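The next block holds one structure in the form of structure tokens; read it before the comments.
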């Protein structure tokens, strides 16, 4: 049976990725609220294991490069999303 607390945390992480990260620029498009939820599981795992900002940032940049085909991903400033994820980390 899935862990409800983890699912809730991953939902909040997915929402944070949409609000603060959104490399596909879908925030304003209807029906895309859960598009980044698929990445929340790995981010959750990194946070739980004590992953650093560098590790989380590298993972997000890797997703952008490899899965979303944004070759210039490493130039994106992730400060805002990392700050939000660290605040969420304190609740999980």
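The values are calculated or read from the model by the stated rules, or taken from the named source; none is laboratory data. The shown structure was predicted, so the numbers you read here are calculated from the model rather than taken from an experiment. In this analysis, Cβ positions are derived from the backbone assuming ideal geometry, glycine residues included, and neighbour counts consider all displayed protein chains.
Here is the figure for the range 41-57: residues that are without any contact (Cβ under 8 Å) to a residue 24 or more places away in the chain, more than 20 Å from residue 8 (Cα to Cα) and assigned to a helix (DSSP H, G or I) total 2.
Scanning the range 40-77 for residues that are buried (at least 19 other Cβ atoms within 10 Å of the Cβ) and either within 10 Å of the chain's Cα centre (by Cα) or at pLDDT below 90 (or both) gives 40, 43, 44, 56, 57, 60, 63. Annotation: of all residues in the range 25-39 being surrounded by fewer than 18 Cβ atoms within 10 Å (Cβ to Cβ) and touching a helix residue (DSSP H, G or I) at 6+ places or on another chain (Cβ under 9 Å), the one that is nearest to residue 87 (Cα to Cα) is 37.
Among residues belonging to the range 27-39 that are under 18 Å from residue 9 (Cα atoms) and assigned to a loop (DSSP other than H, G, I, E, B), point out the one that is modelled with the lowest pLDDT. Quick ask: steps written out before the conclusion?
So the first thing to find is which residues in the range 27-39 are under 18 Å from residue 9 (Cα atoms), and the list is 33-39.
Adding the requirement that they be assigned to a loop (DSSP other than H, G, I, E, B) leaves 33-36.
Numbers: 33: 72, 34: 82, 35: 88, 36: 92.
Ranking the candidates gives 33 first.
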